[in-house]
1. For the pair D4 and M65, how long in nm is the line joining their label points, each one 7 Å along Cα→Cβ?
2. Once fully extended, how much extra length lies between T93 and E11, figured as 0.36 nm per residue of separation less the alpha-carbon to alpha-carbon distance?
3. Sequence-distant or interchain residues sharing an amide H contact under 5 Å with A85, placed H: which?
4. Output the peptides 119-132, 83-96, 65-78 sorted from most to least packed, where packing is the average of other Cβ atoms within 10 Å over each peptide's residues.
5. Give the lysines reachable from K94 as a straight Cα distance under 18 Å; neighbours fewer than 8 places away on the same chain don't count.
6. What is the spin-label model distance, in nm, from E136 to R118 if the labels are put 7 Å beyond Cα along the C-beta direction?
7. Using the per-residue mean of other Cβ atoms lying within 10 Å as a proxy for protection, in what order, highest first, do the peptides 20-27, 3-10 fall?
8. With label points built 7 Å along Cα→Cβ from the Cα atoms of D126 and A81, find their separation and express it in nm.
Amino acid sequence: MCRDLDLKMLEIADIAAEDSPHNFRMGAVIASRRNILGIGHSKYTAQIPRRLYSTHHRSSLHCAMHAETATLKDALLHGYAVNGATIYVSGFTKAGNRPKSCRPCRNCVRVLCEYGVRRVVYRTSDGNFAESRLNELSTEEMVCTSCNQSSSRLNP
């Protein structure tokens, strides 16, 4: 893939991330052959009333949708096939700092693999990018950057 195209798509993912309500904002773009199939950002999908969980929490709990799955949902709702596509993932904090990595978490990798997304390009802490085939990521130890969830190998 062309480095310029990768950087341009990551810039679009950055713009999408600006709409995220989270402290750690993630944005993503799914594209195939220079055509954008879906754009999304991390967001809240539901709110759990305080009476349904422990009183140790000050307010309501929220269920979150990761940027990768929100982007996949956007593409599928518009009728696009994502088989063979590339997903571009970027993110930053509300203060504008880059995280250690914007690599997709194991659950997102699993869903993207199921739908045939082949390649992921993600932002690194120095503002550059890294890329990998999704099937390679699915066998690595991964940590979700949004919820700090560690995973063991997906394919034991």
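Every read-out reported here was derived from the displayed coordinates using simple, explicitly stated rules and does not represent laboratory data. None of the values given here were measured: they were computed from a predicted structure. Here the Cβ positions follow ideal geometry from the backbone for every residue, glycine too, while neighbour counts run over all protein chains shown.
1. Label-label distance for D4 and M65, simple model: 3.4 nm.
2. Numbers: separation 82, 0.36 × 82 = 29.52 nm, distance 1.55 nm.
Gain on extension, T93 to E11, equals 28.0 nm.
3. Close amide H contacts, sequence-distant or interchain: R118.
4. Numbers: 119-132: 16.4, 83-96: 19.2, 65-78: 20.7.
Descending packing order for the listed peptides: 65-78, 83-96, 119-132.
5. K43
6. So the label points at E136 and R118 sit 1.4 nm apart.
7. Working: 20-27: 20.6, 3-10: 15.8.
Taking the mean over residues of other Cβ atoms within 10 Å, the ranking is 20-27, 3-10.
8. Going by the 7 Å Cα→Cβ label model, 4.0 nm.
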